[in-house]
Amino acid sequence: MNEAKDQILRVAIVGAGPGGCACAMALLAGAAQHGRRVEVHLIEGKNFSDEQHHNQCVGVLSPPLPDLLPRELGIPFPQHLVRGRVDGYVLHVDGQRLTLPAEHEPSLTLRRVQFDAYMLEQAQERGARLIQARASDLEFHHDHVALYTEGGTLEAEVVVGAFGMDEGSAAMFARSTPYRPPAALASVVTKYHPGEEGMRAFGSKIHAFLPRHPHIEFAGVTPKGNHLTINIAGGQVSAEMMEEFLERLAVRRVLPNLELAGQFDPNDLRFFKGRFPRSLARGYYGNRYVILGDAAGLVRAFKGKGVTAAVLTGIRAAKAILQHGITQQAFAASYGQSNQDIRGDLAYGRLARFLVIHMARWGIFPWVLRAARSSPPLQGALFGAVSGESTYRQVLAEALSPPALLALLRAALG
């Protein structure tokens, strides 16, 4: 056995969410397969097992994630955590609505904190070591990285950033590296329990809203087993805007028994605020460090699909570390190139976001919905946009195809 195989590669992962845990499992499995010795530490300040913290993620997991876990990580998808299946979308614009049935496999809904706990349990069973503490600072040396935590100092050959949109961790990396976090949209999330009869009346589709509002870019109501998750997103959304959104007639028609809110669960209509990226981070890899998922801005442009992207980029980072090395040049040639599918769609996503925002605010979208009723390409583009199951390059190609444009012209003239 050569010297490289005899050496222990120590990896510190800041954040034990799905991306960090996927990276840890891929590292451990890949090292075992190639006869390498690796030691993986997950640093996480939250305690997922007690379910006391709220994750602002809506918790909709779309294909290919259910197949990705067993195929790439060798772990079963946690079907026991699934709270429901989403079989389509209902798009609401200016009092009009259009039903978009699922074109492929249904998406699955679950509680993110339970999924995070499952991923962490699987990573620990495979040998990852958990440090239950917050990371506070980093020092880069020529032969190692020193990571300071609330519980002490950890030395590693390479550090992985899997901290999502945590501003403290982002600032820590920005102090020590060229990393600069991505631009972000804000999100306000709440939940509502309408009762069993109300949930049956709501059905199994996500209701997506494109309100004509200067700050709310999009909103959604998602069925989650025994309750509905409601979210609004935009550059500067607030609790006041959420209250205004909940008072809209189109929204009240969708939410069953809203006048009884608070009688089913004392936590109903409590607001939580979060953020999600809308651009690529700068310097998301370098000598002895690499950043994943939301923290890198490596998510589906405009739409997100953060959990799938986090797991996928975690696996790709692990392969880059094991197969190519931990220098900036190694990450550029491997990790940077392997994420070209995500990076290459960002420009199309920005264009789609611009068009959606302005078409909604200029009152053009009702024409789009009318046209889509008789245009399968336009209907497919709308489904791809709201579901996140198509690239935005594909969405724009369908929306700007001659049949779709002809249908739009007819709707506008009509």
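Nothing in this text is a laboratory measurement; each read-out follows from the coordinates by a stated rule. Just so you know, these numbers come straight off a predicted model, no measurement behind them. Reconstructed Cβ throughout: ideal geometry from the backbone, glycine too, with neighbour counts over all protein chains shown.
Numbers for the structure displayed
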item	result
Cβ crowding within 10 Å averaged over residues, with 336-343, 185-192, 170-177 ranked highest first	185-192, 170-177, 336-343
Against the rule of thumb 2.2 N^0.38 Å, how large the Cα Rg of the stretch 362-413 comes out	1.04
Dipole of the stretch 76-169, positive direction: furthest Cα of 148, 81, 159, with charges on the beta-carbon	81
Most fluctuating residue given options 315, 232, 364, as computed from a GNM of the chain linking Cα atoms under 10 Å	364
Where labels lie 7 Å past Cα in the beta-carbon direction, separation of residue 129 and residue 324 in nm	2.8
At most 16 other Cβ within 10 Å, DSSP loop - GluC sites (Glu not before Pro), the stretch 134-191	150
Nearest-0.05 FRET efficiency for residue 412 and residue 174, computed from C-beta distance (R0 41 Å)	0.30
Whole-Å semi-axes of the ellipsoid equivalent to the stretch 184-276 (Cα gyration tensor, √5λ, descending)	22, 13, 12
log₁₀ of I(q)/I(0) at q = 0.10, 0.14 Å⁻¹ - the stretch 262-414, Debye sum with one point per alpha carbon	-0.50, -0.79
Residue 333-residue 140 FRET efficiency (beta carbon distance; Förster radius 25 Å; 0.05 resolution)	0.75
Net charge, residue 280 excluded, C-beta distance under 12 Å - Lys, Arg +1, Asp, Glu -1	+3
Charge sum, other residues only, whose C-beta stays under 14 Å from residue 126's C-beta, Lys/Arg counted +1 and Asp/Glu -1	-3
Selection from 193, 132, 372 lying farthest towards where the dipole of the chain points positive, charges on Cβ	372
At q = 0.19, 0.22, 0.26, 0.29 Å⁻¹, base-10 log of I(q)/I(0) for the stretch 65-105 (Debye sum, equal scatterers on each alpha carbon)	-0.72, -0.80, -0.91, -0.98
Size of electric dipole in the stretch 139-214: Cβ of Lys, Arg +1 and of Asp, Glu -1, about Cα centre, debye, nearest 20	700
FRET efficiency for residue 8 and residue 97, using Cβ-Cβ distance with R0 set to 41 Å, rounded to 0.05	0.10
The chain, dipole about Cα centre (Lys/Arg Cβ +1, Asp/Glu Cβ -1), debye to the nearest 20	1160
Label point 7 Å beyond Cα of residue 80 along Cβ direction - residues of the stretch 114-133 with amide nitrogen under 15 Å	114-122
5 angstrom amide H check on residue 184, placed H, neighbours 5+ away	278
Rough spin-label spacing in nm, given labels placed 7 Å along Cα→Cβ, for residue 272 and residue 239	1.5
Net dipole in debye of the stretch 241-399 [+1 Lys, Arg Cβ; -1 Asp, Glu Cβ; about Cα centre; nearest 20]	460
Estimated 222 nm signal from helices in the chain, with DSSP H stretches of n ≥ 4 weighted -39500 (n - 2.57), rounded to 500	-10500 deg cm²/dmol
Cα lying deepest toward the dipole's positive end in the chain, options 403, 98, 237, charges on Cβ	403
